[in-house]
Amino acid sequence: MIYFDHNATTPLAPEVLEAMAPYLSGCWGNPSSPYRFGNEARTAVEGARGRIAGCLGCKPSEVVFTASGTESDNLAVRGVACASRLRGNHIVTTTIEHHAVLNTCKALETDGYRVTYLPVNPAGVVEIEALAGSLTPETVLVTVMHANNETGVIQPVEEIARIVRERGIVFHVDAVQTAGKLPCRLAELGADLVSFSGHKLYGPKGTSALYVREGTALCPIITGGAHEMGLRAGTENVAGIVGLSVALDFALASSQDGCRRLQGLRDRCESMIRERIPRVRFNGASVARVPNTSSLSFDAVDGESIVLALDLAGICVSTGSACSTGEPEPSHVLLAMGLTAREAQGTIRISLGRDTRDEDIDAVVKNLVDIIDRLRSISSA
């Protein structure tokens, strides 16, 4: 099998599994228990929290563990909205956010919040001037993803942070698709809240984190015990948290060399496709992207058909976000970039990973050439 869908999920790294193993069997105590067995688990959780803080350049008390990137996004968006209700009820986001943010904002609209959904240009980048012009005295939160999960296009979050900070507005960045693919120091991002997810960087599913800058007012969305500084009730997933810390540490330590290698492979893949397959659109290719991602729109071909044909050849790609697979509507991200519904439905996403090799690229391109030619011949018959 050739796996080219690393933006959906990544395999668990061997070093991560090894670090998790003791907390799946021998050391399985509740980290909130006061005796030695619980203290061992608590030590593991706090050690992992410190390790993640060291990776990100923040205080351990600013790292809150959650169960998913979606939960981290919800805690950030809903938490700020609730905590700031007396100050204002306006939220600013973009039309290309992950549904974890978009659907949360839509739900908040039913509770009386006002949300501005900023458009993007044809390259998939939000315009700084439009964002600045959308801010009002009632704006309490701006939430913008670091890089898009479908196209890989990187947003100007550092510039946005400077504008937002001047207005005293809380800024949330969904960095689920960039941690481990780009250097990700919090001081450079400039955000008050940043979401991460373990399974996107060779860590375990079911364990994620939210960076919460000290002093940021936030209401919990899961209530119960006093876990996670009172921001996320529920017994911590000790093994998952340990695995997340190891995965993030390894990913950030190796990101510079890994990024260069992946970008070379991606560029080679796109160049071969451009040379061998006519009528292909490379979405977002004119601007900065994460180094592993290609969004390709093939004229007169259905993306789902390409995915199924590649699957039969032992190759895994997707049509876009894994959270949207099976939905009949075309990608909201591609529509926001100006593609027609037909163009969006003819799109696949290729996302490379740590184990991708040159021979994998060759195999994918060879199969794509044959599949596109065959599907186009059928559609024109």
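Of note:
- Of the strands (runs of 3 or more DSSP E) entirely within the range 259-370, those holding at least 2 residues that are at pLDDT 95 or above and closer than 19 Å to Thr178 by Cβ occupy 293-298, 347-351.
- Applying the condition of being out of contact with any Lys or Arg (no Cβ under 7 Å at 6 or more places or on another chain) and of a type in the set (S, T, N, Q) to the range 152-194 and asking which residue is farthest from Arg354 (Cα to Cα) yields Gln155.
- Sole exception among (1) closer than 19 Å to Gly152 by Cα; (2) surrounded by fewer than 17 Cβ atoms within 10 Å (Cβ to Cβ) for Arg276, by number: (1)
- Scan of the range 72-89 for residues that are in a helix (DSSP H, G or I), more than 17 Å from Thr116 (Cβ to Cβ) and either basic (Lys, Arg) or out of contact with any helix residue (DSSP H, G or I) (no Cβ under 9 Å at 6 or more places or on another chain) (or both), ordered by number: Leu75, Arg78, Gly79, Cys82, Ala83
- Within the range 170-184, considering residues that are touching a residue at least 60 places away in the same chain (Cβ under 8 Å) and in a loop (DSSP other than H, G, I, E, B), the one surrounded by the fewest Cβ atoms within 10 Å (Cβ to Cβ): Pro183
- Among residues of the range 185-217, those that are touching a helix residue (DSSP H, G or I) at 6+ places or on another chain (Cβ under 8 Å) and either surrounded by 24 or more Cβ atoms within 10 Å (Cβ to Cβ) or not in a loop (DSSP other than H, G, I, E, B) (or both), counted: 20
- Residues that are closer than 18 Å to Asn121 by Cα and of a type in the set (Val, Ile, Thr) within the range 269-289 comprise just one, Val287.
- Output for the range 228-255, where each listed residue is among the hydroxyl-bearing types (Ser, Thr, Tyr) and in a helix (DSSP H, G or I): Ser245, Ser255
- Looking across the range 278-309, the residues that are of a type in the set (Val, Ile, Thr) and in contact with a strand residue (DSSP E or B) (Cβ under 7 Å, 6 or more places away or on another chain) come down to Val280, Val287, Val290, Thr293, Ile306, Val307.
- Qualifying residue in the range 148-161 (condition: crowded, with 24+ Cβ neighbours inside 10 Å, of a type in the set (Asp, Glu), under 13 Å from Val290 (Cα atoms) and touching a residue at least 40 places away in the same chain (Cβ under 8 Å)): yes
- Scanning the range 98-139 for residues that are under 22 Å from Phe196 (Cα atoms), in contact with a helix residue (DSSP H, G or I) (Cβ under 8 Å, 6 or more places away or on another chain), touching a residue at least 40 places away in the same chain (Cβ under 8 Å) and not small (Gly, Ala, Ser) returns His98, His99, Val101, Leu102.
- Hits in the range 127-154 - residues which are farther than 17 Å from His99 by Cα, touching a Ser or Thr at 6+ places or on another chain (Cβ under 8 Å) and not aliphatic (A, V, I, L, M): Ser134
The values are calculated or read from the model by the stated rules, or taken from the named source; none is laboratory data. The structure presented is a predicted model; accordingly, all values stated were derived computationally and were not measured. Glycine gets a Cβ as well: all are built from the backbone with ideal geometry, and neighbour counts include every protein chain shown.
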